[in-house]
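What follows is a set of notes on a single structure, which appears directly below.
The values are calculated or read from the model by the stated rules, or taken from the named source; none is laboratory data. Computed from a predicted model, the values in this text were never measured in an experiment. All Cβ positions, glycine included, derive from the backbone under ideal geometry; neighbour counts span all protein chains shown.
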Ligand code: TRP
């Protein structure tokens with residue numbers, strides 16, 4: 001996923017075929033309509049691995065969408081997937097710090113802990129126990145075929161591939177099904193995991209449901225997420241050092257954008273295919289300003305890259321100012337952060353206990 005044009009997100013290597021993605025897109029459009037009509041019918045679960053602070057790519061790709069669904073009236077669960085960090089590395093580094101940063105990022109962008117549940121899966125034993133019956137429902141061949149897992153193995157920094165690498169998509173099914181979420185906003189790289197989740201739900205219901213369904217078959221909601229490039233012209237990513245973090249200061253943001261890759265043409269125009277770096281900067285300014293990239297480009301005209309970068313810096317800093325102010329205020333109060341997580345974990349545990357109870361009853365294992 002390196003030099004993709006911002007407005008034309010195409011499949012990452014090994015992603016589900018174009019057809020799978022096209023079908024998911026079509027379903028997502030229909031889902032949006034149903035969400036508008038009756039948001040209260042939706043229970044949403046999504047989340048991230050705690051491996052570092054979130055950045056503008058996350059914000060416009062998914063965070064903004066999470067808050068939108070919450071504010072429309074859907075019930076939102078955000079999982080901080082701490083166990084999942086161990087899929088491609090031996091040790092989860094600086095975990096408490098990264099977990100706290102994720103909670104902070106969510107509070108800063110508007111996730112409301114009164115209405116939404118933010119939790120870590122390691123703190124929810126009953127969720128993890130679902131993994132066991134779920135693993136019995138999928139074959140080794142199915143696990144080995146997962147294109148996202150294959151891709152992660154190819155990029156892994158480990159010399160040996162762990163058993164968790166192959167099984168984490170089933171663990172992710174437990175993340176989703178423990179709360180019977182029926183809607184999962186994800187990027188397309190997560191579609192294979194959603195397919196496994198739907199398979200697990202269906203097979204569990206078939207095998208143990210005695211006519212009724214214990215689990216819903218959750219739907220993927222693919223956002224129309226624009227793909228933002230990082231300052232080096234490749235996809236903005238936590239691990240590439242090319243990201244503008246939500247938590248970055250205004251001066252740091254200016255410095256990062258000043259150093260961003262562009263091209264030598266003076267006239268600024270929105271041309272994602274031929275000028276991906278300039279297009280991505282235009283898109284970023286446009287997202288912040290609520291305008292189209294073409295409008296932003298027209299405002300700059302022949303003033304060149306330096307003017308473009310000034311516009312982008314101002315737009316980003318202005319847009320992020322209230323988010324950053326909230327983030328800084330919450331960061332002062334570690335006790336509050338811990339309380340949010342404690343309460344989220346408690347809520348998640350209550351939900352997971354209930355679901356595990358149903359699962360054991362369905363399996364005739366409730367003695
Ligand atoms: N796999 C996701 C990622 O790497 C994180 C994640 C864990 C997740 N559990 C989830 C996403 C459940 C959606 C639903 O970003």
Taking residue 219, is it within 21 Å of the chain's Cα centre (by Cα), closer than 18 Å to residue 147 by Cα, within 14 Å of the ligand (Cβ to nearest atom) and assigned by TED's automatic domain parsing to the domain that holds residue 70?
no
Just to be sure, is residue 126 within 29 Å of residue 344 (Cβ to Cβ) and either touching a residue at least 24 places away in the same chain (Cβ under 8 Å) or not in a helix (DSSP H, G or I) (or both)?
yes
Looking at region 104-117, can you tell me whether even one residue there is buried (at least 19 other Cβ atoms within 10 Å of the Cβ), within 16 Å of the ligand (Cβ to nearest atom), within 20 Å of residue 45 (Cβ to Cβ) and more than 15 Å from the chain's Cα centre (by Cα)?
yes
Please state which one of 140, 99, 85, 78 is within 16 Å of the ligand (Cβ to nearest atom), free of Cβ contacts under 8 Å to residues at least 40 places away in the same chain and in the same structural domain as residue 177 (by TED's automatic domain parsing).
85
Would you call residue 114 in contact (Cβ under 8 Å) with a residue 24 or more places away in the chain, assigned by TED's automatic domain parsing to the domain that holds residue 51 and closer than 16 Å to residue 330 by Cβ?
no
When you check residue 172 against the structure, is it modelled with pLDDT under 95, within 14 Å of the ligand (Cβ to nearest atom), in a helix (DSSP H, G or I) and buried (at least 19 other Cβ atoms within 10 Å of the Cβ), yes or no?
no
Residue list for region 312-358, filter: assigned by TED's automatic domain parsing to the domain that holds residue 79, over 23 Å from the mean Cα position of the chain (by Cα) and buried (at least 18 other Cβ atoms within 10 Å of the Cβ):
355, 356
Determine whether residue 130 is closer than 17 Å to residue 43 by Cβ, in the same structural domain as residue 150 (by TED's automatic domain parsing), away from the ligand (no atom under 12 Å from the Cβ) and within 15 Å of the chain's Cα centre (by Cα).
no
